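Working notes for the structure below.
Readers should treat all values here as calculations from the given coordinates under stated rules, not as data from a laboratory. Computed from a predicted structure; not experimentally measured. All Cβ positions, even for glycine, are placed from backbone atoms using ideal geometry, and neighbour counts span all protein chains on display.
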Amino acid sequence: MLPFVLLLGLVLFLGVHSLRIVAEPWRTRVLAQRGGEKRWKLGYTLMSLAGFALIVWGYGLARQQPMPLWEPPTFMRHVAALLMLPSFVLLAAAYVPGNRLKARLHHPMVISVKVWAFAHLLSNGTLADVLLFGGFLLWAVFSLRAARRRDRSQRIRYGGDSAAATLATLVLGLGAWAGFAFWAHAWLIGVRPLG
């Protein structure tokens, strides 16, 4: 049976997050005409939360009756766990102001999602995994391309050359990766990535 709840969640969550990819002029018009950014962000947040809840629920349901497509070799779990280290560092770079990674890459969160999704596709082979991680990987590829196109058209420059901020980014990313790899992933997902 197809994981319809997961599919619905992905369509809702990734659909809302794709508006800047496929409908930037419409989004700009709506923001200007219908009450501005606060109302937009409220609706965006509510739809994102609903989509995320459906993804979590749908993925949990799909894991109860998995539909295997292939069986990844066991060592791929370790490759995925190691790939998650740069993913966590990139995620930290999105939030630590003034770091060199954000200055250079411009959109480290989207790149983090790409690495996360790719890593999990390497180590998981069910239909639900392909839908979840493949969907996020495709979204991240198109999102990064659209964001870079916007940056060029608006001539956006990203500053940040602080060694201290860059070091803080690396330490925060490494700490988050270690906490997740050795504890939180097993607690939240039920799988030990390095076990």
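Estimated at 0.36 nm per residue, the fully extended path between HIS106 and ALA32 surpasses their Cα-Cα distance by 24.0 nm. The chymotrypsin sites (Phe, Trp or Tyr not before Pro) found in the stretch 42-95 that occupy coil by DSSP, while having at most 15 further C-beta atoms within 10 Å, are TRP70. Annotation: amide H of THR126 within the under-5 Å range of LEU69, sequence separation 5 or more or interchain, hydrogens built in the peptide plane.
Note down the Stokes-Einstein diffusion coefficient of the chain in µm²/s, whole number, using a Kirkwood radius over alpha carbon pairs, 10 °C, and 1.306 mPa s. Write down the numbers at each step before the final one.
Details: Rh = 18.3 Å.
Answer from the Stokes-Einstein relation: 87 µm²/s.
Residues in the stretch 88-97 carry Karplus couplings, in order, of 5, 5, 5, 4, 5, 4, 5, 10, 8, x Hz; the curve used is 6.51 cos²θ - 1.76 cosθ + 1.60 with θ = phi - 60°, and Gly or Pro positions show x.
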